[in-house]
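Novice: Pasting a structure below so you can have a look.
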Amino acid sequence: MRDLLTTGLVLAFIVWLLRRKVSMTAVMPIGAGLLALLYLLPLPRLGQAVWQALAAPKSLEMTATLALTMVMEHILRTTGMLKRMVSSLSAALTDQRVVMAALPAMIGMLPSPGGAVFSAPMVGEAAKGTTISAEQKALINYWYRHIWEYISPLYPGIILAAGLTGLSTQQLFVAHLPFALTVTLGGAWFCFRGIPTERRTPPNEPAGGRLRQFGTFLLMAAPILIALGLVVAFKVSPVVALGGGIVILFLAHRYRPGQILTTLAASLSAKALLLVAGIMIFQEVLQATGALAGISSFFVASQLPIPLLVALIPFIAGLMTGLTVGYVGITFPLLLPLMGTPTPSLWLEALAFASGFAGVMLSPVHLCFVLTREFFGADTVQVYHRLVAPSLLVLAAALVPWLIYR
């Protein structure tokens, strides 16, 4: 109980600081420091946690991927490719809402930490001419960015869940598919209220014009699509794929050395990179305190109904870490005996995964949430208000695997 109250207090304090417009760059180290203080974490152990957070290969890859994403986005935007990408897709598709959903969904195919910073400018460009609020644009970008994480075997959460449960990624794909479909279809009502259904097409559009516009979109989006293909089909590191794409863009647009240096300086945001560091430090300090393990043990010993435990424990872990691999890695080993032996119940696994991911989507330390909110200048609480109902709708889709696999 102490772990639950303590971590709940820290989370509430983080949300309070965000409401007070304190920068997330400062909030996360403050939250980590408060956790360390409340748990009386020894200074050497705190220093070790900070070092692990900053120097671990996973952290370095995440930071490098985010930095390269910023550089590629800057090149695409300043060369006009981003604008042509959005305008050509808008001309090829008559429904503006589909355009706004398709762009973050396409970027979301790449399991890149903080990839929302790439798709946010696209959504902003596609939303021009509408009167929708910053909060609604933030919701669209954030929501459709995360369709694939429920089902894609490229995402670390699915890989880890399969490894821990012994279930195949194909089994997980089928069991989790109702969640991805609910995100895509059910979430549309919440994301696109107030946006006109149809977008007018140019009056003298020649025959085959929409097909040509789609070809233009593919050409403008080629750097992104090639990077996606390298990661998805050939398991190339996102750092290598994005880095190679940036080099090709520099060559294609004949950037001089001075322009390259100027572009790098203009692209990289120290605030965003420090934000990543702060989040990783918070998550590592959370692990070092043993808080989540204590919460999980408390609930398991509480004798609550198994489905409630399977839903509640991952949700709290997801809310606290903001990472899919965080809640899967922390809670699944503890929940496996409750899911059934020797083969875990697919519906209980699906319930645990969906509930944990609902926590991740609602987490104030979720990197995509923070970057999206800051890009659009959206109010944190207003975005949360828009997130709760669709998140509950997705969680309700757990009834489908329950009916099939119970």
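Novice: Rounded, prolate or oblate, given the Cα gyration tensor of region 250-314, with a/c below 1.5 counting as rounded?
Specialist: Prolate shape, in that a/c is at least 1.5 and a/b is the bigger ratio.
Novice: As I understand it, the value is the acute angle between the Cα axis of helix 57-78 and the longest principal axis of the Cα atoms of the chain; what does it come to in degrees, rounded to 10?
Specialist: For helix 57-78, the angle is close to 20 degrees.
Novice: Follow-up question, since we're still on this one. What list of ³J(HN,Hα) values in whole Hz, one per residue of region 104-109 in order, does the Karplus curve 6.51 cos²θ - 1.76 cosθ + 1.60 (θ = phi - 60°) give from phi, with Gly and Pro shown as x?
Specialist: Computed from phi, the couplings for region 104-109 are x, 5, 5, 5, x, 5 Hz.
Novice: Here's a follow-up. When R212, R97 are ordered from fewest to most other Cβ atoms inside 10 Å of their Cβ, what list results?
Specialist: Ascending number of Cβ neighbours within 10 Å: R212, R97.
Novice: Then there's this: Find how many whole Å separate the alpha carbon centroid of region 354-403 from the alpha carbon centroid of region 146-182.
Specialist: 18 Å
Novice: Then there's this: What percent does the relative contact order of region 1-103 come to when contacts are Cα pairs within less than 8 Å and at least six residues apart?
Specialist: Rounded, it is 13 percent for region 1-103.
Novice: If I take every Cα pair under 8 Å that is 6 or more residues apart in the chain, average their sequence separation and divide by the length, what percent do I get for the relative contact order?
Specialist: That works out to 27 percent.
Novice: Just check region 17-90 against the gyration tensor rule for me: Cα atoms, a ≥ b ≥ c as the square roots of the eigenvalues, rounded for a/c under 1.5, and otherwise prolate or oblate depending on whether a/b exceeds b/c.
Specialist: It comes out oblate by the Cα gyration axes.
Novice: Report, in degrees rounded to the nearest 10, the 0 to 90 angle that the Cα long axis of helix 43-55 makes with the longest principal axis of the chain.
Specialist: Roughly 30 degrees, rounded to the nearest 10.
Novice: What spacing in nm lies between the two simple spin-label points modelled at L177 and A301, each 7 Å away from Cα in the Cβ direction?
Specialist: 4.2 nm
Novice: If we count other beta carbons within 10 Å of each Cβ, what is the order of W51, W347, W143, W148, fewest first?
Specialist: W51, W148, W347, W143
Novice: Still on this structure: Angle check, please: helix 380-396 long axis (alpha carbons) against the longest principal axis of the chain (alpha carbons), in degrees 0 to 90, nearest 10.
Specialist: 70 degrees
Novice: How large is ³J(HN,Hα), in whole Hz, for each residue of region 359-365 in order, when computed from phi with the Karplus curve 6.51 cos²θ - 1.76 cosθ + 1.60 and θ = phi - 60°, using x for Gly and Pro?
Specialist: Whole-Hz 3J(HN,Hα) from phi for region 359-365: x, 4, 5, 9, 6, x, 9.
Novice: For every helix of n ≥ 4 consecutive DSSP H residues, a contribution of -39,500 (n - 2.57) applies; sum these over the chain, divide by its total residues, and give [θ] at 222 nm rounded to the nearest 500 deg cm²/dmol.
Specialist: Helices in the chain give a 222 nm mean residue ellipticity of -24000 deg cm²/dmol.
Novice: When we measure straight from the Cα of K21, which aspartates and glutamates land under 15 angstrom away, once same-chain ones fewer than 8 places off are left out?
Specialist: By straight Cα distance, K21 reaches E374, D379.
Computed from the coordinates by the stated procedures, all read-outs in this text should not be read as laboratory data. This one's a predicted model, so the numbers in the text were calculated from it and none came from an experiment. Using ideal geometry, Cβ is built from the backbone for each residue, glycine included, and neighbour counts are taken over all protein chains shown.
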